[in-house]
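Before any comments, here is the structure.
The values are calculated or read from the model by the stated rules, or taken from the named source; none is laboratory data. For clarity, every value in this text was computed on a predicted model and none was experimentally measured. For neighbour counting, all protein chains shown are included, and Cβ atoms are generated from backbone atoms with ideal geometry for every residue, glycine included.
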Amino acid sequence: MHNRKIVAATLLSMLALGACDDIEGLGEPNTGSTARVRFVNVTGGLLSFAQNGTVGTGMNNLAFGSATSCTEINTATPSLSVVANGVSTSLSGLTSNLTSNGTYTIIAYPGTGGNTAYAILPTSYSSATGQAGLRVFNATTTPFDVYTAASGGAFTTASATGIASGTSSNFFDVAAGTGGQIRFNNAGTTTSALTLSNQTFTAGQNSILVIAPPATGTTTYRTFLVSGC
């Protein structure tokens, strides 16, 4: 499992499903000392993302299931912080170790004690020809095994096992095209917690599938795909 998380004092960040060629928001042209980052909000509050105290275009008051476009972040002095809706000053800064020329998704999700935790996930991966790359991030408190299958196919061997709360799987290959299936089993069992059908993946494109807690008053886990930068 690859996971780097930092618990902060309240809520962060953003989500975007657009192509990562659209670089906007904060940052500067890539001069070799920047990384491309997409920010994802999996918390229940509205969050704004800031660098050096400035909230970038498309990074203001983002709700659950929202994300930014891919943004250039200076890796030497990232100075990332989070602003919650209704708060005039920045919350505690998001410490990040980003590699120059790297690509990342930073996910804000519910941590323990009502705090917000941050997962910094690299999105660089080379899938096999004709395949797409996928990794799963678990923002719930339940560990999962993940199975994938083509349209109409059977779930046989797990693509990832034991994905604990606040962690992600490694990348694995999934068939490109439409109609793909993904099943989440409670870890170590054959009990299905959620099955997704009609998933679409593009050959050569890497994505993160986030599984999140149910909305208030419901029992069904929520999921969404985030394209890598």
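Given the condition surrounded by fewer than 22 Cβ atoms within 10 Å (Cβ to Cβ), without any contact (Cβ under 8 Å) to a residue 60 or more places away in the chain, of a type in the set (S, T, N, Q) and part of a loop (DSSP other than H, G, I, E, B), answer yes or no: does some residue in region 167-188 qualify? The answer is no, given that none of the residues of region 167-188 is surrounded by fewer than 22 Cβ atoms within 10 Å (Cβ to Cβ), without any contact (Cβ under 8 Å) to a residue 60 or more places away in the chain, of a type in the set (S, T, N, Q) and part of a loop (DSSP other than H, G, I, E, B). Would you check if Val37 is of a type outside the set (Phe, Trp, Tyr), touching a Leu at 6+ places or on another chain (Cβ under 9 Å), farther than 30 Å from Thr191 by Cβ and assigned to a strand (DSSP E or B)? So Val37 passes the test. Screening Gly217 with (1) assigned to a loop (DSSP other than H, G, I, E, B); (2) touching a residue at least 24 places away in the same chain (Cβ under 8 Å); (3) on the phi > 0 side of the Ramachandran plot gives one miss only, at (2). Residues that are farther than 22 Å from Val42 by Cα, charged (D, E, K, R) and either touching a Gly at 6+ places or on another chain (Cβ under 6 Å) or outside the structural domain of Cys70 (by TED's automatic domain parsing) (or both) do occur in region 164-182, at least one of them. Within the set Ala132, Ala193, Ala164, Ala139, the sole residue that is touching a Pro at 6+ places or on another chain (Cβ under 9 Å), surrounded by 16 or more Cβ atoms within 10 Å (Cβ to Cβ), in contact (Cβ under 8 Å) with a residue 12 or more places away in the chain and among the small types (Gly, Ala, Ser) turns out to be Ala139. Only one of these is over 16 Å from the mean Cα position of the chain (by Cα) and at pLDDT 85 or above: Asn115, Asn101, Asn138. Name it. On inspection, the qualifying residue turns out to be Asn101.
To keep it simple, each residue is scored yes or no on (1) assigned to a loop (DSSP other than H, G, I, E, B); (2) in the same structural domain as Leu194 (by TED's automatic domain parsing).
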residue	(1), (2)
Thr105	no, no
Tyr109	no, no
Gly113	no, no
Ala117	no, no
Phe137	no, yes
Thr142	yes, yes
Asp145	no, yes
Ser151	yes, yes
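Within region 55-70, does at least one residue satisfy the condition of being at pLDDT below 90, assigned to a strand (DSSP E or B) and not assigned by TED's automatic domain parsing to the domain that holds Tyr221? Yes - at least one qualifying residue is present in region 55-70.
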